[in-house]
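Note sheet for the following structure.
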Amino acid sequence: MKTSRDMFAEEEGFSLDSMLDIVFLLLIYFMVTAAFVKEEADISMSLPSRVEQDEPLDMPEEQVLDILADGRVLLNGLEVDDALSPDLPMLTRTLARFRQAADDAQVPAFIVVQPEDEARHQRIIDVLNACAVAKIELVSFNLE
């Protein structure tokens, strides 16, 4: 004969089979009904491109680069890059954009370099290298 203690012991355990079935059914339901999100790389878009000008655009005829004795470089009066930077990345990017804008406007890209008398020759070479990397060929010196 079963005692109440034996009956209680049988009721303590329960089966996880039905819970696993429900979990898998919910998983399948959410997988089927989920909306797939497009990745950003899959979204097609067209960006504006450069357009050649029919008529020459009024642009400054020249950009003036001042090279100071302390190594600073000024482009049209505005300081670019660090005085200790030998490769002048900001100046190179700015000159490349200027050359591209000049090409689009069908005008020559012209640079005037104005070094101070006490300016280091290596700094002048650094500025000329930046012009070469930006593919600016019309470079002139003003040695006043």
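The values are calculated or read from the model by the stated rules, or taken from the named source; none is laboratory data. Only a predicted model underlies this, so the values are computations on that prediction, with no experimental measurement involved. Heads up, the Cβs are rebuilt from the backbone with ideal geometry, glycines too, and the neighbour counts pull from every protein chain shown.
If you scan region 124-141, which residues turn out to be among the acidic types (D, E) and out of contact with any strand residue (DSSP E or B) (no Cβ under 9 Å at 6 or more places or on another chain)? Write out each step before concluding.
The first filter runs over region 124-141 and keeps only residues among the acidic types (D, E), leaving 126, 137.
Once the filter is applied, which keeps residues that are among the acidic types (D, E) and out of contact with any strand residue (DSSP E or B) (no Cβ under 9 Å at 6 or more places or on another chain), region 124-141 yields only E137.
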> So is A83 modelled with pLDDT under 90, closer than 19 Å to V64 by Cβ, among the hydrophobic types (A, V, I, L, M, F, W, C) and surrounded by 13 or more Cβ atoms within 10 Å (Cβ to Cβ) or not?
Replying inline: no
Of the residues in region 86-100 that are of a type in the set (A, V, I, L, M, F, W, C) and in a helix (DSSP H, G or I), the one that is surrounded by the most Cβ atoms within 10 Å (Cβ to Cβ) is L95
Selection from region 101-144 of residues in contact (Cβ under 8 Å) with a residue 12 or more places away in the chain, assigned to a helix (DSSP H, G or I) and closer than 18 Å to E62 by Cβ yields A101, A102, D104, I124, V127, L128, A130, C131
Counting only residues in region 23-76 that are touching a Phe, Trp or Tyr at 6+ places or on another chain (Cβ under 7 Å) and modelled with pLDDT of 75 or more, the one nearest to L128 (Cα to Cα) is identified as Q63
